[in-house]
There are 2 protein chains.
Amino acid sequence: MAKVTIYDIAREAGVGIGTVSRVLNNHTSVTPETRKRVKEVARRLNYQPHTYAQRLARRQSETISAIIPFFTNYFFIEVLQGVQDRISQLGYDLVLYGVNNVDQVETHLSRALQRGKVDGILFFSMKLPEKIVARLRDAKLPMVLVDTVSPDFDSISVANVEGAYAATTHLLELGHRSVGMVNAQLVSTPALERLQGYRHALESHGITYSEGLVKTGSSNKQDGFNREAGYEAMEEFIEMGPDMPRAFFVSSDIQAMGAIAALTESGLRVPEDVAIVGFDDIELARHMRLTTMRQPMYQMGVLAIERLVARMSNPEMEILHTTFSPTLIVRESCGALRSSEGMPSVKSKQR
Amino acid sequence: MAKVTIYDIAREAGVGIGTVSRVLNNHTSVTPETRKRVKEVARRLNYQPHTYAQRLARRQSETISAIIPFFTNYFFIEVLQGVQDRISQLGYDLVLYGVNNVDQVETHLSRALQRGKVDGILFFSMKLPEKIVARLRDAKLPMVLVDTVSPDFDSISVANVEGAYAATTHLLELGHRSVGMVNAQLVSTPALERLQGYRHALESHGITYSEGLVKTGSSNKQDGFNREAGYEAMEEFIEMGPDMPRAFFVSSDIQAMGAIAALTESGLRVPEDVAIVGFDDIELARHMRLTTMRQPMYQMGVLAIERLVARMSNPEMEILHTTFSPTLIVRESCGALRSSEGMPSVKSKQR
DNA sequence: CATGCCTTTGGAAGTGCTTCCACAAGATGC
DNA sequence: GCATCTTGTGGAAGCACTTCCAAAGGCATG
């Protein structure tokens, strides 16, 4: 049971260590008989290669690390599922670095950057610190960004502007003229982009954008993509009284949950009194019948790995930015699925 | 930028490689001056140790792997968060193996078992295959089980029997005499144990246990711990007509979501017409105002790592089984928080 | 039958570290 | 002043593999 090395196999099978290695790695030029004999001995001795000796000698690690913030966020989980599935098909190891605060980005990145430690990095959702960019570039470590973008690296992301545009347009087409937005903190790129999309949609429908109709809760964990922030923002809207918008685009489903709670507590019903469209399509959204913009999270994970592997095998490959378009999932929170209540645009939508 | 080894440092600093290694590892007996000089050179050359060379020479990997099923289940995510936080404090690497089907258990376990690959394993929620137990024991690889139990290994789990007992008792104390149970598949140990707890509670309150009042949906993904299964099971109950129980213990929150949906679609209101208590306290439960049994998931993760590290440093340590007691979180789905409607037991509970 | 080529093989060198052993030099004791 | 101990240090050996090079053997060709 102790440790069996290729030397033991070589001795036992009466061959050289080179031959053993060749057999074990399915290399060329070994006669079928020798191959068979070596394999048999290896099995009999219950040989296990020593991973780190291999990695040292081969000068590659067969591992990929993922640097992820906000671990418990459903979005990451779902993407990670895709990552994990694809990665284990390919036989790589996945090592996970969870980031809880900004300092950890550097700590973990440095750790991943240790010479030879990983073959590639998946970097999620955070802004890349400038000094890190430089280090990464000369470390020549393949890296792909997921849910964030930088000109220097491959990226997989979602068309936030477009998605927000579609969500807002949906609300406008249902006949609403006053559409508010519950947003997350603007330090987050997705939040910024979704705001842009919202604004574009308004303007291309001939409605003036008004800052007063965009609110952000003060709860700032997960950059404001949390339930409490949604709750707080909606409370502010409710304080506006009768002038408050009757339709809202909310920058994430989880915030929408909070917003709906605030609404309900004030006696306002969704969708009868207020229409809501979210963003993400987390599992919760299905249960709550929330209309939302779906991001193809699982596929993003799969693609991220494929892109990373491609880059690893060809470092000179041109940098590729892939953007997925979110799709509108119409459920009940926007009123589109209910009887039309004299809104012509609904009818035409239902065809 | 290329590779700097300890030989480069040794040459540059005019010392031997042994000394360099000693400095880098904070070993004893190096004069302060030498130490300082070596450190300086190392910094100047931007030295990075080669992880795998270290691991090979030290004969330990400083990595822990987690073997986890049903990745997208909220329970695991939350536990994993605890695991991840503690692990990165300790400076270990976390490598993740997601199991999607039974075969993968062996594949991944074998991979983790590769000689020297990991220092310890966290094994989640699944029954350990017998033949694996033997292999693990003579591989002498430290392993701790989370959310599952075996006499041969340390484990961290939740008192399912006790929890189910408390949940059911809560319902009984609210005055219900006929309490049904929506369960998951009995292949799952938690499901079995929760059934026991339910039964005990009934019997110690003088109520006869009846098989007809326990139903399991046919949807068997995640061993029946899924929304559809809860929906199906509740549909069956509803078919009973007026005889159906008006209170249910459901073996997981996610099933409770399905059950509530089935109820609502049949015009039955929760908690006015039917009382529900779940199990887990996933995030969704809070949003849905579901009364449930909370498992301390994050802490379980933290403890799992601590236990594992303890075992790694002392393999002879006695095997320890830690069981957390779930706590009852009373929200609105059981009717306990509403006006008492002439139920004396409620009053006494409210004190 | 000699020559050349291809296939198969053994094992040295290499991967970059840790650790152990031996030795030098200075400190201490008598 | 000599023996003994201590402290700091260099570098060989070891960790378990891959890979390269040279050599041996087999075969066909003219």
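The values are calculated or read from the model by the stated rules, or taken from the named source; none is laboratory data. Note that the coordinates shown come from a computational prediction; the quantities given were computed from them, not determined experimentally. Don't worry about glycine lacking a Cβ; one is built from the backbone with ideal geometry, like all the others, and counts go over all protein chains shown. Heavy atoms of the whole protein, side chains included, go into the accessibility calculation; ligands, DNA and RNA do not. Shrake-Rupley method; radii C 1.70, N 1.55, O 1.52, S 1.80 Å.
For A:ALA285, state whether it is touching a helix residue (DSSP H, G or I) at 6+ places or on another chain (Cβ under 6 Å) and closer than 30 Å to B:GLY258 by Cα. Please lay out each step first, then the result.
On the way: touching a helix residue (DSSP H, G or I) at 6+ places or on another chain (Cβ under 6 Å): yes; closer than 30 Å to B:GLY258 by Cα: yes.
Yes.
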Matching residues in segment B:33-60 - criterion: being surrounded by 17 or more Cβ atoms within 10 Å (Cβ to Cβ), closer than 30 Å to B:VAL118 by Cβ and more than 9 Å from DNA strand C (Cβ to nearest atom):
B:ALA42
Report every pair of residues separated by at least 6 positions or lying on different chains whose Cβ atoms are under 7 Å apart, first residue within segment B:1-29 and touching a residue at least 60 places away in the same chain (Cβ under 8 Å), second within 10 Å of DNA strand D (Cβ to nearest atom).
none
Conditions first: (1) in a loop (DSSP other than H, G, I, E, B); (2) closer than 24 Å to B:GLY116 by Cβ; (3) open to solvent by 20 Å² or more (accessible area, probe 1.4 Å). B:SER21 passes all but one, so which condition is the exception?
(1)
Has segment A:263-274 got any residue that is more than 21 Å from B:LEU290 (Cβ to Cβ), open to solvent by less than 30 Å² (accessible area, probe 1.4 Å) and not small (Gly, Ala, Ser)?
yes
Single condition A:VAL30 does not satisfy, out of (1) within 9 Å of DNA strand C (Cβ to nearest atom); (2) crowded, with 16+ Cβ neighbours inside 10 Å; (3) modelled with pLDDT of 90 or more; (4) β-branched (Val, Ile, Thr)
(3)
Working only within segment B:308-337, note down all residues that are over 20 Å from the mean Cα position of the chain (by Cα) and under 16 Å from B:THR168 (Cα atoms).
B:VAL330, B:ARG331, B:GLU332, B:SER333, B:CYS334, B:GLY335, B:ALA336
Conditions (1) open to solvent by less than 50 Å² (accessible area, probe 1.4 Å); (2) polar (S, T, N, Q); (3) at the interface with another protein chain (Cβ under 9 Å from one of its Cβ atoms); number of the one not met by A:THR107
(1)
Looking at B:ALA10, B:ALA66, can you tell me which residue is open to solvent by less than 40 Å² (accessible area, probe 1.4 Å) and within 11 Å of DNA strand D (Cβ to nearest atom)?
B:ALA10
Could you go through segment A:26-46 and let me know if any residue there is within 10 Å of chain B (Cβ to nearest Cβ) and part of a loop (DSSP other than H, G, I, E, B).
yes
How many residues does segment A:14-26 contain that are near DNA strand C (Cβ under 8 Å from one of its atoms) and not β-branched (Val, Ile, Thr)?
5
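Table: residues versus (1) at pLDDT 90 or above; (2) open to solvent by 50 Å² or more (accessible area, probe 1.4 Å); (3) outside any loop (DSSP other than H, G, I, E, B).
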{"position": "A:ARG135", "(1), (2), (3)": "no, yes, yes"}
{"position": "A:ASP138", "(1), (2), (3)": "no, yes, yes"}
{"position": "A:VAL144", "(1), (2), (3)": "yes, no, yes"}
{"position": "A:PRO151", "(1), (2), (3)": "yes, yes, no"}
{"position": "A:SER157", "(1), (2), (3)": "yes, no, yes"}
{"position": "A:GLY163", "(1), (2), (3)": "yes, no, yes"}
{"position": "A:THR168", "(1), (2), (3)": "yes, no, yes"}
{"position": "A:LEU172", "(1), (2), (3)": "yes, no, yes"}
{"position": "A:GLY175", "(1), (2), (3)": "yes, no, no"}
Would you mind telling me which numbered condition in (1) open to solvent by less than 30 Å² (accessible area, probe 1.4 Å); (2) within 14 Å of another protein chain (Cβ to nearest Cβ) B:LYS131 fails?
(1)
Quick check on this structure: which one of A:MET244, A:MET181, A:MET257 is crowded, with 22+ Cβ neighbours inside 10 Å, touching a residue at least 24 places away in the same chain (Cβ under 8 Å), more than 19 Å from the chain's Cα centre (by Cα) and more than 14 Å from chain B (Cβ to nearest Cβ)?
A:MET181
Among (1) buried (at least 19 other Cβ atoms within 10 Å of the Cβ); (2) assigned to a helix (DSSP H, G or I), the one test that A:PHE249 misses
(2)
Looking only at segment A:81-104, which residues are within 7 Å of chain B (Cβ to nearest Cβ) and hydrophobic (A, V, I, L, M, F, W, C)?
A:LEU94, A:VAL95, A:LEU96
